[in-house]
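Here's the structure, in structure tokens; my notes come after.
The values are calculated or read from the model by the stated rules, or taken from the named source; none is laboratory data. It should be emphasised that the depicted structure is a prediction, and the values quoted were computed from it without experimental measurement. Virtual Cβ from ideal backbone geometry, glycine too; neighbours counted across all protein chains shown. Just so you know, the surface numbers come from the protein's heavy atoms only, side chains and all, with ligands and any DNA or RNA stripped out. Shrake-Rupley method; radii C 1.70, N 1.55, O 1.52, S 1.80 Å.
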Amino acid sequence: MHSNIHHDQMAELPLWYEQIRKEMDFWPIAYYPFIMRPTESGLAVEDRLEDEIIRADWEMVRELAEQAEKEGFPMFMGYEWQGAGLDGDHNVFFLNNDGDQKHPLRYQELVENYRGQPVMGIPHHLAYQPGSRGKNWDTHDEAFSPFAEIYSSHGCSENDDGPLTMNRHVHMGPRTGETTYEQGLKRGYKVGIIAAGDNHSVPGVFEHGSMCTLAADRTKEAIWEAWQNRRVYGVSQSRIQVDETVDGVPMGGQVRAEDGQVELEFSVKGTAAVDRIEILKDNILEDMVVHSGTWERQRPEGVIRFKFRLELGWGPDTRVYKDQWIKHWTGRLDVDGKLLGIEKCWNNYGQELTRVEESFCEFSMTTYQSTASGKWMGPCNVTTEGFIFEVEADADSVMKLTIDGKEYALPVRQLLESSRVFALWDEVKKLTEETWGEITHYRDDPWWHNAYKFRVGKAYPQSSYEVRGSRKIRFSEDGSVRLRIWQKNGDAAWTSPVFVKVKK
């Protein structure tokens with residue numbers, strides 16, 4: 001829900017659309033009508049584009065939305081609004097394809113400009129400094145902004161002391177507790193939760209989070225109705241599936257506690273082992289369901305269901321091999337059973353799932369090298385491409401993974417114990433010899449450090465990633481209850497609260 005396409009990228013709009021259709025069930029685009037404009041002194045400041053440029057770009061977005069509607073793909077026109085920076089940044093979305101952009105300086109004016117229309121404005125990167133593009137809860141309108149984006153490429157705005165920080169954008173500074181999502185709940189606002197990317201180069205980046213909508217069907221109207229009623233949640237990376245009800249009311253809803261007590265029920269299907277489920281009452285940990293330690297001693301036998309992740313990438317240091325920026329891969333996975341599901345863990349263009357059958361799939365992938373700091377031992381960000389597979393097969397069967405024409409045996413029993421990493425040794429040895437000639441060294445650093453690699457993650461049985469539970473929770477005054485879910489691999493999910501009103 002946060003694909004920021006810029007003016008100079010509008011020619012790529014069809015490419016963005018093609019990419020998002022491969023990955024997502026719907027697409028709320030957020031056109032970015034801003035540019036870095038030089039002042040007379042030469043200092044560049046972010047400013048809004050000229051109105052005629054915005055209008056021309058907006059018509060291109062409208063044409064694509066109308067095309068998507070004809071093709072049966074739910075696309076929502078949207079743009080980013082920033083105003084004077086005093087109320088926080090918001091993405092404005094339209095149910096219909098006839099909306100126009102408004103750019104008042106204050107959030108209250110924005111709300112009034114769209115009063116009575118099917119339009120909403122979703123705040124993001126909440127936890128920055130108040131007055132400097134952080135969320136201003138003093139001016140919040142919960143009807144116009146029914147939920148908030150608390151996780152993206154910026155990091156996590158849920159609170160100011162959680163483990164997922166906001167250290168990626170040095171220019172916007174660290175997060176502060178004054179503007180976090182939890183502050184909005186403390187103010188008494190009924191506001192839901194999503195995660196949503198904030199991607200400016202490629203839409204649908206796996207590593208930057210995404211949102212889930214619990215809708216009756218995949219029409220724009222059903223999705224919009226779910227948004228209005230806050231039936232949404234966010235995931236930091238992989239598609240953790242969550243259902244949550246309080247006295248039968250789903251996330252985002254409101255219940256009345258006749259005797260002060262409500263019953264929470266939840267169902268989680270993770271993408272790897274679930275570590276714990278935190279039950280938060282009014283932002284405070286009320287109870288915790290610890291799943292780690294409940295399944296590990298069981299030895300899987302016979303036909304089982306399990307999940308594992310395949311990651312492709314790494315490769316030569318571009319300071320050593322200056323032309324090694326892109327790698328094209330071909331692959332095939334064969335299972336001695338059934339391939340039940342495939343989740344796309346994609347961060348860049350060039351990925352294709354070319355064929356899917358009951359017992360195998362074929363794919364072609366493209367990985368890109370990330371830039372290093374230029375200093376020896378300096379940090380670099382590794383970006384991989386891959387899939388999460390769900391398989392039904394015998395625990396003692398052997399899967400076969402074919403990468404670039406070479407076969408690798410993957411015994412399921414071994415993967416249930418540990419992940420494995422493979423290097424493309426033949427390729428890196430050839431590259432080394434062609435570039436540097438015959439090299440000898442007392443350890444394999446020159447080859448291992450520059451080899452393309454793929455990682456087959458540990459296989460997790462169904463008992464590790466599926467969790468159900470219920471809890472009775474007592475309220476003495478009005479409040480809320482929500483879930484925060486952690487997997488062992490660090491992936492997280494946050495559900496929108498259910499709001500509880502205590503009958504006096």
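What order, most packed first, do the peptides 103-110, 150-157 have when packing is the mean number of other Cβ atoms within 10 Å of each residue?
Values: 103-110: 16.6, 150-157: 26.0.
Highest mean packing first, the order is 150-157, 103-110.
Distances between placed amide hydrogens fall under 5 Å for E158 paired with Y181, all partners being 5 or more residues away or on another chain. With the cut-off at 1.5 for a/c, could you classify the range 145-246 from its C-alpha gyration tensor as rounded, prolate or oblate? Because a/c hits 1.5 or more and a/b fails to exceed b/c, the range 145-246 counts as oblate. Across the range 189-286, the mean sequence separation of Cα contacts (distance under 8 Å, 6 or more residues apart), normalised by length, yields a relative contact order of 22 percent.
Residues of the chain: accessible area per residue at 1.4 Å, in Å²? Before the final figure, lay out the partial values.
Numbers: 22630 Å² over 504 residues.
Spelled out: the 1.4 Å probe surface of the chain, per residue, equals 45 Å².
Element breakdown for the range 108-223 at a 1.4 angstrom probe: carbon and sulfur atoms account for 46% of the accessible area.
Partners of K488 within straight-line reach, counting lysines whose Cα lies under 27 Å from its Cα and excluding those fewer than 8 residues away in the same chain: K269, K281, K307, K338, K344, K400, K453, K458, K472. A simple spin-label model places the labels of W448 and S418 1.3 nm from each other, with each point 7 Å out along Cα-to-Cβ. Within the accessible surface of the range 372-504, defined with a 1.4 Å probe on protein heavy atoms only, the carbon and sulfur portion equals 49 percent. How high is the FRET efficiency from T165 to V382, r the C-beta distance, R0 25 Å, rounded to 0.05? Computed FRET efficiency for T165 and V382: 0.85. Computed over protein heavy atoms with a 1.4 Å probe, the carbon and sulfur contribution to the accessible area of the range 234-369 reaches 45%.
Note down the relative contact order for the chain as a percent, whole number, built from C-alpha pairs under 8 angstrom at least six residues apart. Please list the in-between numbers first.
Details: 1179 pairs, mean separation 73.6, N = 504.
This gives 15 percent for the chain.
In terms of packing, defined here as the mean over residues of other Cβ atoms within 10 angstrom, the peptides 63-76, 231-244 line up highest first as 231-244, 63-76.
So what is the calculated 222 nm ellipticity per residue for the chain, using -39500 (n - 2.57) for each DSSP H run with n of 4 or more, over all residues, to the nearest 500 deg cm²/dmol?
Helix-only estimate at 222 nm: -4000 deg cm²/dmol.
List the relative contact order of the range 388-486 as a percent without decimals, with contacts defined as Cα pairs under 8 Å and 6+ residues apart. List each step's numbers first, then the result.
Details: 76 pairs, mean separation 24.9, N = 99.
The value is 25 percent.
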